[in-house]
1. For the chain, with a Gaussian network of springs between Cα atoms less than 10 Å apart, report the residue from 25, 144, 126 with the top mean-square fluctuation.
2. Which residue, 233, 20, 172, has the largest displacement toward the positive end of the dipole of the chain when charges sit on each Cβ (Lys, Arg +1; Asp, Glu -1)?
3. How charged is the neighbourhood of residue 34? Take every other residue with its Cβ under 13 Å from the Cβ of residue 34, and add Lys/Arg as +1 and Asp/Glu as -1.
4. Evaluate the Debye formula for segment 113-154 with equal point scatterers sitting on the alpha carbons, no solvent, and hand back log10 of I(q)/I(0) at q = 0.16, 0.17, 0.21, 0.34 Å⁻¹, in q order, two decimals.
5. Take each uninterrupted DSSP H stretch in the chain, measure its Cα extent along the helix axis, and return the ones at 18 Å or beyond whose mean Kyte-Doolittle hydropathy is at least -1.0.
6. Quick check: the distance between the Cα centres of segment 124-191 and segment 33-66, to the nearest angstrom?
7. Picking from 98, 57, 112, whose Cα lies most toward the positive end of the charge dipole for segment 15-134 (charges on Cβ: Lys, Arg +1; Asp, Glu -1)?
8. For the chain, what does the helix formula give at 222 nm: sum of -39500 (n - 2.57) over DSSP H segments with n ≥ 4, over the residue count, nearest 500 deg cm²/dmol?
Amino acid sequence: MSALTLVSEHACYGGVQRFYKHDATEVRGPMKFSAYIPPQARTGNVPVLFFLSGLTCTDETFPVKSHAQQLAAELGLMLIAPDTSPREPRLPGDADSWDFGYSAGFYVDATVAPWSQYYRMYSYVTNELPELVAANLPVQPGATGIFGHSMGGHGALVCALRNPDRYKSVSAFAPIAAPMQCPWGKKAFTNYLGSDTQSWRDYDASELVARRPFPGPILVDQGSNDQFLVEQLLPEKFSAAAAKSGQVLNLRMQPGYDHGYYFIQTFMADHLRHHAKQLKS
(Lines give C-alpha, C1' and ligand atoms only; values in the text may rest on other atoms or scores of the structure.)
Protein backbone atom coordinates (compact mmCIF):
# COMPACT_ATOMS: atom_id res chain seq x y z
CA MET A 1 0.00 0.00 0.00
CA SER A 2 1.34 3.43 -0.92
CA ALA A 3 2.39 5.97 1.69
CA LEU A 4 0.36 9.10 2.29
CA THR A 5 1.94 12.53 1.89
CA LEU A 6 0.32 15.36 3.83
CA VAL A 7 0.05 18.37 1.50
CA SER A 8 -1.55 20.80 3.97
CA GLU A 9 -3.47 20.93 7.25
CA HIS A 10 -5.87 23.56 8.59
CA ALA A 11 -7.60 23.83 11.98
CA CYS A 12 -11.36 23.68 11.39
CA TYR A 13 -14.24 23.55 13.94
CA GLY A 14 -12.08 21.89 16.56
CA GLY A 15 -10.85 19.27 14.10
CA VAL A 16 -8.52 19.46 11.10
CA GLN A 17 -9.03 19.78 7.34
CA ARG A 18 -6.23 17.94 5.58
CA PHE A 19 -5.21 17.43 1.97
CA TYR A 20 -3.24 14.32 1.03
CA LYS A 21 -1.57 12.85 -2.03
CA HIS A 22 -0.29 9.34 -2.75
CA ASP A 23 0.75 7.04 -5.57
CA ALA A 24 -2.34 5.06 -6.52
CA THR A 25 -2.10 1.49 -7.78
CA GLU A 26 -5.50 1.42 -9.51
CA VAL A 27 -4.95 4.54 -11.63
CA ARG A 28 -1.19 4.02 -11.98
CA GLY A 29 -0.31 7.53 -10.94
CA PRO A 30 -0.62 10.20 -8.24
CA MET A 31 -4.00 10.88 -6.63
CA LYS A 32 -5.18 13.51 -4.17
CA PHE A 33 -7.95 13.51 -1.61
CA SER A 34 -9.19 15.72 1.20
CA ALA A 35 -9.94 14.54 4.73
CA TYR A 36 -11.87 16.37 7.43
CA ILE A 37 -11.04 14.77 10.77
CA PRO A 38 -13.49 15.78 13.53
CA PRO A 39 -12.40 16.53 17.10
CA GLN A 40 -13.83 13.19 18.36
CA ALA A 41 -11.09 11.39 16.39
CA ARG A 42 -8.52 12.52 18.94
CA THR A 43 -9.92 10.04 21.45
CA GLY A 44 -11.24 7.20 19.29
CA ASN A 45 -12.27 5.90 15.90
CA VAL A 46 -15.12 7.68 14.09
CA PRO A 47 -17.52 6.83 11.22
CA VAL A 48 -16.30 7.86 7.77
CA LEU A 49 -18.30 9.40 4.95
CA PHE A 50 -16.96 9.52 1.38
CA PHE A 51 -18.11 12.33 -0.93
CA LEU A 52 -17.76 11.98 -4.71
CA SER A 53 -17.66 15.27 -6.60
CA GLY A 54 -19.06 16.11 -10.02
CA LEU A 55 -17.78 17.07 -13.46
CA THR A 56 -14.88 19.60 -13.53
CA CYS A 57 -14.32 19.26 -9.76
CA THR A 58 -11.21 18.30 -7.76
CA ASP A 59 -10.40 17.06 -4.26
CA GLU A 60 -10.68 20.68 -3.06
CA THR A 61 -14.21 21.45 -4.31
CA PHE A 62 -16.17 19.72 -1.55
CA PRO A 63 -14.19 20.90 1.50
CA VAL A 64 -14.09 24.50 0.25
CA LYS A 65 -17.68 24.86 -1.03
CA SER A 66 -19.94 22.45 0.86
CA HIS A 67 -19.90 24.01 4.36
CA ALA A 68 -20.04 20.47 5.76
CA GLN A 69 -17.33 20.63 8.43
CA GLN A 70 -19.25 22.40 11.21
CA LEU A 71 -21.98 19.75 11.49
CA ALA A 72 -19.50 16.93 10.79
CA ALA A 73 -17.59 18.16 13.86
CA GLU A 74 -20.78 18.08 15.94
CA LEU A 75 -21.78 14.63 14.69
CA GLY A 76 -18.26 13.17 14.84
CA LEU A 77 -18.06 12.23 11.15
CA MET A 78 -14.85 12.01 9.13
CA LEU A 79 -15.31 13.37 5.57
CA ILE A 80 -13.18 12.05 2.69
CA ALA A 81 -13.37 13.57 -0.82
CA PRO A 82 -11.16 12.15 -3.60
CA ASP A 83 -10.27 13.82 -6.87
CA THR A 84 -12.64 13.08 -9.76
CA SER A 85 -10.17 11.47 -12.18
CA PRO A 86 -6.50 10.61 -12.71
CA ARG A 87 -4.32 13.68 -13.44
CA GLU A 88 -1.14 11.96 -14.64
CA PRO A 89 -0.08 10.73 -17.07
CA ARG A 90 -1.99 12.95 -19.50
CA LEU A 91 -3.72 11.09 -22.34
CA PRO A 92 -4.33 12.36 -25.90
CA GLY A 93 -7.69 14.13 -26.03
CA ASP A 94 -8.28 13.98 -22.28
CA ALA A 95 -9.13 17.70 -22.10
CA ASP A 96 -10.96 18.07 -25.43
CA SER A 97 -14.34 18.32 -23.67
CA TRP A 98 -15.36 19.21 -20.13
CA ASP A 99 -17.67 16.21 -19.72
CA PHE A 100 -15.20 13.45 -20.58
CA GLY A 101 -11.63 12.60 -19.58
CA TYR A 102 -9.77 15.04 -17.34
CA SER A 103 -11.99 15.83 -14.29
CA ALA A 104 -14.64 13.43 -15.63
CA GLY A 105 -13.70 9.90 -14.58
CA PHE A 106 -17.38 8.94 -14.05
CA TYR A 107 -16.40 6.47 -11.31
CA VAL A 108 -16.15 3.53 -13.71
CA ASP A 109 -13.35 1.06 -14.47
CA ALA A 110 -12.66 1.79 -18.13
CA THR A 111 -12.22 -1.18 -20.47
CA VAL A 112 -11.33 0.72 -23.68
CA ALA A 113 -7.74 1.77 -24.45
CA PRO A 114 -6.03 4.07 -23.57
CA TRP A 115 -8.43 4.90 -20.72
CA SER A 116 -8.44 1.35 -19.35
CA GLN A 117 -4.86 1.68 -18.08
CA TYR A 118 -5.56 4.63 -15.81
CA TYR A 119 -9.25 5.46 -15.53
CA ARG A 120 -10.21 2.94 -12.85
CA MET A 121 -12.06 5.25 -10.48
CA TYR A 122 -14.64 2.65 -9.42
CA SER A 123 -11.98 0.33 -8.00
CA TYR A 124 -10.05 3.27 -6.59
CA VAL A 125 -13.09 4.59 -4.71
CA THR A 126 -14.46 1.25 -3.49
CA ASN A 127 -11.19 -0.59 -2.71
CA GLU A 128 -7.93 1.32 -2.70
CA LEU A 129 -8.96 4.60 -1.10
CA PRO A 130 -11.00 3.09 1.79
CA GLU A 131 -8.16 0.69 2.58
CA LEU A 132 -5.66 3.54 2.56
CA VAL A 133 -7.87 5.70 4.79
CA ALA A 134 -8.49 2.83 7.22
CA ALA A 135 -4.76 2.10 7.47
CA ASN A 136 -3.78 5.70 8.16
CA LEU A 137 -6.71 7.48 9.84
CA PRO A 138 -8.88 6.69 12.91
CA VAL A 139 -11.95 5.26 11.19
CA GLN A 140 -14.50 3.00 12.82
CA PRO A 141 -14.67 -0.41 11.11
CA GLY A 142 -18.03 -1.13 9.50
CA ALA A 143 -19.23 2.48 9.73
CA THR A 144 -18.75 3.76 6.17
CA GLY A 145 -21.17 5.86 4.12
CA ILE A 146 -21.01 7.42 0.67
CA PHE A 147 -22.67 10.40 -1.04
CA GLY A 148 -22.00 12.69 -3.97
CA HIS A 149 -23.15 15.34 -6.42
CA SER A 150 -24.09 15.04 -10.11
CA MET A 151 -21.50 12.69 -11.68
CA GLY A 152 -20.49 11.93 -8.09
CA GLY A 153 -24.10 11.29 -7.10
CA HIS A 154 -24.16 8.70 -9.88
CA GLY A 155 -20.92 7.27 -8.49
CA ALA A 156 -22.17 7.14 -4.90
CA LEU A 157 -25.41 5.37 -5.82
CA VAL A 158 -23.56 2.84 -7.99
CA CYS A 159 -20.88 2.14 -5.36
CA ALA A 160 -23.46 1.61 -2.62
CA LEU A 161 -25.88 -0.47 -4.69
CA ARG A 162 -23.06 -2.75 -5.86
CA ASN A 163 -21.45 -3.01 -2.42
CA PRO A 164 -24.14 -3.03 0.27
CA ASP A 165 -21.74 -4.95 2.51
CA ARG A 166 -19.25 -2.05 2.47
CA TYR A 167 -21.55 0.95 2.81
CA LYS A 168 -24.12 1.40 5.58
CA SER A 169 -25.57 4.63 4.17
CA VAL A 170 -25.96 6.46 0.84
CA SER A 171 -27.38 9.73 -0.46
CA ALA A 172 -27.01 12.02 -3.47
CA PHE A 173 -27.43 15.59 -4.65
CA ALA A 174 -28.77 15.91 -8.22
CA PRO A 175 -27.29 12.58 -9.36
CA ILE A 176 -26.99 11.46 -12.98
CA ALA A 177 -29.57 8.87 -12.06
CA ALA A 178 -30.01 6.96 -15.34
CA PRO A 179 -26.76 7.49 -17.30
CA MET A 180 -27.61 4.92 -20.00
CA GLN A 181 -30.48 7.21 -21.04
CA CYS A 182 -28.77 10.64 -21.07
CA PRO A 183 -26.12 12.33 -23.26
CA TRP A 184 -23.48 12.62 -20.51
CA GLY A 185 -23.76 8.95 -19.64
CA LYS A 186 -23.86 7.70 -23.22
CA LYS A 187 -20.75 9.72 -24.09
CA ALA A 188 -18.77 8.57 -21.06
CA PHE A 189 -19.85 4.94 -21.23
CA THR A 190 -19.18 4.63 -24.97
CA ASN A 191 -15.66 6.05 -24.58
CA TYR A 192 -14.76 4.26 -21.34
CA LEU A 193 -16.66 0.97 -21.68
CA GLY A 194 -17.20 0.50 -25.43
CA SER A 195 -20.33 -0.02 -27.48
CA ASP A 196 -21.66 -3.13 -25.70
CA THR A 197 -24.42 -1.53 -23.64
CA GLN A 198 -24.81 -4.68 -21.53
CA SER A 199 -21.61 -3.72 -19.69
CA TRP A 200 -23.05 -0.27 -18.98
CA ARG A 201 -25.77 -1.69 -16.74
CA ASP A 202 -23.33 -2.25 -13.88
CA TYR A 203 -22.75 1.52 -13.72
CA ASP A 204 -26.34 2.71 -14.01
CA ALA A 205 -28.06 3.34 -10.66
CA SER A 206 -31.54 2.92 -12.14
CA GLU A 207 -30.62 -0.47 -13.60
CA LEU A 208 -28.98 -1.55 -10.33
CA VAL A 209 -31.74 -0.48 -7.95
CA ALA A 210 -34.37 -2.22 -10.10
CA ARG A 211 -32.42 -5.47 -9.65
CA ARG A 212 -31.72 -5.24 -5.92
CA PRO A 213 -32.53 -2.54 -3.38
CA PHE A 214 -29.98 -1.08 -0.99
CA PRO A 215 -30.66 -2.37 2.57
CA GLY A 216 -31.11 1.12 4.00
CA PRO A 217 -33.05 4.23 2.94
CA ILE A 218 -31.69 6.40 0.11
CA LEU A 219 -31.96 10.20 0.28
CA VAL A 220 -31.84 12.18 -2.99
CA ASP A 221 -32.23 15.96 -3.25
CA GLN A 222 -32.87 17.53 -6.66
CA GLY A 223 -33.38 21.22 -7.47
CA SER A 224 -36.41 22.01 -9.63
CA ASN A 225 -34.49 24.82 -11.41
CA ASP A 226 -31.51 22.61 -12.21
CA GLN A 227 -30.50 23.36 -15.81
CA PHE A 228 -29.55 19.70 -16.32
CA LEU A 229 -32.66 18.15 -14.79
CA VAL A 230 -34.72 17.25 -17.86
CA GLU A 231 -32.00 16.12 -20.27
CA GLN A 232 -29.24 14.69 -18.07
CA LEU A 233 -30.33 13.77 -14.53
CA LEU A 234 -33.63 11.87 -14.89
CA PRO A 235 -34.49 11.30 -11.21
CA GLU A 236 -37.93 10.05 -12.22
CA LYS A 237 -36.28 7.02 -13.89
CA PHE A 238 -34.48 6.17 -10.66
CA SER A 239 -37.66 6.67 -8.63
CA ALA A 240 -39.61 4.30 -10.89
CA ALA A 241 -36.84 1.68 -10.71
CA ALA A 242 -36.72 1.99 -6.91
CA ALA A 243 -40.47 1.47 -6.69
CA LYS A 244 -40.11 -1.70 -8.75
CA SER A 245 -37.72 -3.33 -6.27
CA GLY A 246 -39.21 -1.89 -3.09
CA GLN A 247 -36.28 0.43 -2.40
CA VAL A 248 -36.96 2.91 0.40
CA LEU A 249 -36.29 6.23 -1.35
CA ASN A 250 -36.79 9.81 -0.20
CA LEU A 251 -36.57 11.83 -3.43
CA ARG A 252 -37.05 15.49 -2.57
CA MET A 253 -37.65 17.98 -5.36
CA GLN A 254 -36.48 21.34 -4.03
CA PRO A 255 -38.33 24.30 -5.61
CA GLY A 256 -36.15 27.08 -7.01
CA TYR A 257 -32.76 25.41 -6.52
CA ASP A 258 -30.22 24.91 -9.32
CA HIS A 259 -27.32 22.48 -9.79
CA GLY A 260 -24.62 24.32 -7.83
CA TYR A 261 -23.09 24.40 -4.37
CA TYR A 262 -25.56 26.91 -2.88
CA PHE A 263 -28.10 24.11 -3.35
CA ILE A 264 -25.71 21.59 -1.78
CA GLN A 265 -24.94 23.88 1.19
CA THR A 266 -28.65 24.35 1.85
CA PHE A 267 -29.39 20.65 2.29
CA MET A 268 -25.99 19.39 3.50
CA ALA A 269 -27.09 19.18 7.14
CA ASP A 270 -30.00 16.88 6.21
CA HIS A 271 -27.62 14.56 4.38
CA LEU A 272 -25.06 14.45 7.20
CA ARG A 273 -27.80 13.64 9.70
CA HIS A 274 -29.19 10.96 7.36
CA HIS A 275 -25.77 9.30 7.29
CA ALA A 276 -25.07 9.73 11.01
CA LYS A 277 -28.34 7.99 11.84
CA GLN A 278 -27.42 4.98 9.66
CA LEU A 279 -23.76 4.86 10.62
CA LYS A 280 -24.36 5.06 14.35
CA SER A 281 -27.26 2.57 14.48
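The values are calculated or read from the model by the stated rules, or taken from the named source; none is laboratory data. Just so it is clear, the model here is predicted, and its values are computed rather than measured. FYI the Cβ positions are ideal-geometry reconstructions off the backbone, even for glycines, and counts take in every protein chain you see. In case anyone asks, the SASA skips ligands and DNA or RNA and just uses the protein heavy atoms, side chains included. Shrake-Rupley method; radii C 1.70, N 1.55, O 1.52, S 1.80 Å.
1. Comparing 25, 144, 126 in the GNM, the peak value goes to 25.
2. Looking along the dipole axis, the top candidate is 172.
3. 0
4. -0.56, -0.61, -0.83, -1.13
5. Flagged H segments are 261-279.
6. Each part's Cα centre sits 14 Å from the other's.
7. Going by the Cα projections, it comes out as 57.
8. -8500 deg cm²/dmol
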